[in-house]
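Asker: Sending over a structure as structure tokens; questions will come in a sec.
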Amino acid sequence: MVSNLSETFDLSARAIDEVSEICVRTLTEAGADRKDIIRLRLSLEEILGVWLESLEGAPVHVDSGKSFGRAFLRVSVEGPAMDAWDSEALVLSSHLLSQAGLSFTYVYKNGRNCLVCNPRKKKSSMGQVALLMAAVFLAVFLGAAARRFPPIQAVALSITEPLFNMILGALRAVSSPLVFLALCCSIVSIGDLSVVGKVGKKLILRMLGGTFILAAVMALAGSLIFPVSTAGNHISGNFTEIYQMVLNIVPSDIISPFLNGNALQLVFLGACVGVALLILGERVSAAQNTLMQLYDAVQFLMSVLGKIIPLFVFLSLFNLVISDFGNEFSSLFKVFALSIPACFVLPLFYVFWTAFRLKVSPSLLLKKMLPAYLISLTTASSAAALATNLETCVKELGIPKKMADFAIPLGQVLYKPGFVVGLFIMDLCMAESYGIPITPLFLFMSVLTIGLLSMAVPPIPGGPLSVFTVMFAQLGIPDEALALAAAINVIMDFFMTAAGQACLQAQVALAAESVGMLDKTKLRKSAA
């Protein structure tokens, strides 16, 4: 349990050590992950070291405790405003790490430079999985039992359906602004493009290009596995519909995309606002901070909803089992049968392609990339694998530290190939199950929608579910499909996250080689 604490020091090298120890103690009591604690401690010491040069001897206040059930740590230094992230050495990863919950938030208030952190508890992924699996088991068992007694069946439906609709409505209310803010803040988090430079721009283009190429490959593969309907569709008609759909990406007003949950318009708005704020830079710093704070608030709301995901899974599956079902459950097994092998094949392809391009042994590359992959696979968390990911890139793959510190956090936000695979297969299976024609136009819309939405998946519990609601609404798949999507995501999240981490390491290594920054001697050295 986090103990309430309030202490004051005079800023000095010794005071930094004492504040650092308090930070470690507080984060440990809060149950934070050990690697997160190390990263936060180093970040705090670096910022205080920068402030020491100008504010030596200024009062330093340290407060910790709990607020509304959430642990917090606040370190404030009296004096003139000194943005904690002004240093070029810190600016590249500040906001990106903050989105993953691995950084301090800087504010200047009442004459104090404040660093605030709300440490997350170390995830007990197996505990969450146990709850979700229990929800699935109970839903199937109780639903099957209720079907044997029609009076009980009617009463049960009258209770569970309104409750399911209420939770679904809450998810929809949060998901639209979450998708908009996730993409907008991801772009703003890139920082000053002049600092990012040529390497950063090339890396971003590689990630965006890789995402949409993979989505197009999934569409082609899907057309070979699923029956594609061309009845009543002519080339001219398809072209007209596709052209009109592209034009409709631009909304007629700002409000309707949020009300209608139009995924393409939400992403378009988020990208436009994010790019505008990024270009204007310091002139709109207040607007940037406001959007970041709104994103934190919406993420918090989604994390609260994420705690009742087991209840949502139970209600959705219970309603499905207690009513007539058949094809719906067959699609569930089809998703697993296609997605799990695809999530293993995808990173293997990246490993062999990278090994071929960089002229290194595939087995050696696989051995080096395995630790971060296994952490992601067992936790379904890219943030949990961040420290190992960075260490592997720098020490094993020969990627310069400055590039890795920028590219890996950025990639965890913008580049999610595992989710492209999982979302595409789920999209096609749900469309087939609910009688939605899979036409060339549908496949094109899926490439565009899933390619964009994969970049907007929030890195929080329940985040993928918020994307499902937007994706299904955009592609015309009925709400009932969310029942299966929620249950499928319980398992698939592990495989999609792990696949994405391996692909990210390979993509960053290839980007480093393309600009002549890769240390091939270190890359070809035996794994530690």
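The values are calculated or read from the model by the stated rules, or taken from the named source; none is laboratory data. Given the structure is predicted, the values throughout are model-derived calculations rather than measurements. Every residue, glycine as well, gets a Cβ built from its backbone with ideal geometry; the counts of neighbours run over all protein chains shown.
Here is a yes/no grid of residues against (1) at pLDDT 80 or above; (2) in a helix (DSSP H, G or I):
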residue	(1), (2)
GLU45	yes, yes
LEU52	yes, yes
HIS61	yes, no
PRO119	no, no
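Asker: I would also like to ask the following. May I ask you to verify whether CYS503 is assigned by TED's automatic domain parsing to the domain that holds SER316 and either aliphatic (A, V, I, L, M) or closer than 23 Å to ILE309 by Cα (or both)? Before you say what the answer is, go through the steps one by one.
Answerer: Values: assigned by TED's automatic domain parsing to the domain that holds SER316: yes; either aliphatic (A, V, I, L, M) or closer than 23 Å to ILE309 by Cα (or both): no.
So CYS503 does not fit the description; no.
Asker: Within region 463-516, how many residues turn out to be within 30 Å of PHE352 (Cα to Cα) and hydroxyl-bearing (Ser, Thr, Tyr)? Can you show your working first?
Answerer: Residues of region 463-516 that are within 30 Å of PHE352 (Cα to Cα), as a first pass: 464, 488-516.
Narrowing the set further to residues that are hydroxyl-bearing (Ser, Thr, Tyr) leaves 497, 514.
Number satisfying all stated conditions: 2.
Asker: Quick test for you: out of ALA271, ALA276, pick the one residue that is among the small types (Gly, Ala, Ser), in a helix (DSSP H, G or I), closer than 24 Å to LEU465 by Cβ and assigned by TED's automatic domain parsing to the domain that holds PHE472. First the steps, then the outcome.
Answerer: Numbers: ALA276 fails: closer than 24 Å to LEU465 by Cβ.
Among ALA271, ALA276, only ALA271 is among the small types (Gly, Ala, Ser), in a helix (DSSP H, G or I), closer than 24 Å to LEU465 by Cβ and assigned by TED's automatic domain parsing to the domain that holds PHE472.
Asker: Restricting attention to region 417-440, does a residue exist that is surrounded by fewer than 24 Cβ atoms within 10 Å (Cβ to Cβ), farther than 26 Å from LYS525 by Cβ and acidic (Asp, Glu)?
Answerer: Taking every residue of region 417-440 in turn, at least one turns out to be surrounded by fewer than 24 Cβ atoms within 10 Å (Cβ to Cβ), farther than 26 Å from LYS525 by Cβ and acidic (Asp, Glu).
Asker: Taking GLY435 as meeting all but one of (1) in a helix (DSSP H, G or I); (2) small (Gly, Ala, Ser); (3) modelled with pLDDT of 80 or more, write down the number of the exception.
Answerer: Going through the list (1) in a helix (DSSP H, G or I); (2) small (Gly, Ala, Ser); (3) modelled with pLDDT of 80 or more, GLY435 breaks only (1).
Asker: Right, next: Which of the following residues is modelled with pLDDT of 80 or more, buried (at least 24 other Cβ atoms within 10 Å of the Cβ) and either among the basic types (Lys, Arg) or within 19 Å of the chain's Cα centre (by Cα) (or both): ILE408, ILE375? Even if it seems obvious, please write down each step before you answer.
Answerer: Numbers: ILE375 fails: buried (at least 24 other Cβ atoms within 10 Å of the Cβ).
Going through ILE408, ILE375 in turn, the sole match is ILE408.
Asker: Continuing with this model, one more query. Checking the conditions here, which among GLN412, GLN501 is touching a Phe, Trp or Tyr at 6+ places or on another chain (Cβ under 7 Å) and over 25 Å from LEU168 (Cα atoms)? Walk me through how you get there before you give the answer.
Answerer: Numbers: GLN412 fails: touching a Phe, Trp or Tyr at 6+ places or on another chain (Cβ under 7 Å).
None of the other options fit; the residue is GLN501.
Asker: Does region 352-370 include one or more residues that are of a type in the set (Phe, Trp, Tyr) and buried (at least 17 other Cβ atoms within 10 Å of the Cβ)? Before the answer, list the steps.
Answerer: Looking only at region 352-370, we keep the residues that are of a type in the set (Phe, Trp, Tyr), and these are 352-353, 356.
Then keep just the ones that are buried (at least 17 other Cβ atoms within 10 Å of the Cβ); that gives none.
No, the conditions are met nowhere in region 352-370.
Asker: Hey, can you tell me all the residues within region 261-305 that are within 21 Å of LEU132 (Cα to Cα) and surrounded by fewer than 20 Cβ atoms within 10 Å (Cβ to Cβ)?
Answerer: Residues satisfying the conditions are PHE300, LEU301, SER303, VAL304.
Residues are listed down the side, and each one gets a yes or a no for (1) farther than 30 Å from LEU365 by Cβ; (2) not in a helix (DSSP H, G or I):
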| position | (1), (2) |
| --- | --- |
| VAL420 | no, no |
| LEU452 | yes, no |
| MET471 | yes, no |
| ILE491 | no, no |
| LEU504 | no, no |
| GLN507 | no, no |
| MET517 | no, yes |
| SER526 | no, yes |
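Asker: Taking the criterion of being at positive phi, in contact with a Gly (Cβ under 6 Å, 6 or more places away or on another chain) and in contact (Cβ under 8 Å) with a residue 60 or more places away in the chain, would at least one residue in region 461-469 satisfy it?
Answerer: From region 461-469, those at positive phi are 462; that's our starting set.
Applying the additional criterion that residues be in contact with a Gly (Cβ under 6 Å, 6 or more places away or on another chain) yields 462.
Imposing the further condition that a residue be in contact (Cβ under 8 Å) with a residue 60 or more places away in the chain reduces the set to 462.
Within region 461-469 (the criterion being at positive phi, in contact with a Gly (Cβ under 6 Å, 6 or more places away or on another chain) and in contact (Cβ under 8 Å) with a residue 60 or more places away in the chain), the answer is yes, since at least one residue qualifies.
Asker: Can ALA486 be described as touching a Ser or Thr at 6+ places or on another chain (Cβ under 6 Å), under 29 Å from ASP296 (Cα atoms) and of a type outside the set (Asp, Glu)? Reasoning before the result, please.
Answerer: Values: touching a Ser or Thr at 6+ places or on another chain (Cβ under 6 Å): yes; under 29 Å from ASP296 (Cα atoms): yes; of a type outside the set (Asp, Glu): yes.
It is true that ALA486 is touching a Ser or Thr at 6+ places or on another chain (Cβ under 6 Å), under 29 Å from ASP296 (Cα atoms) and of a type outside the set (Asp, Glu).
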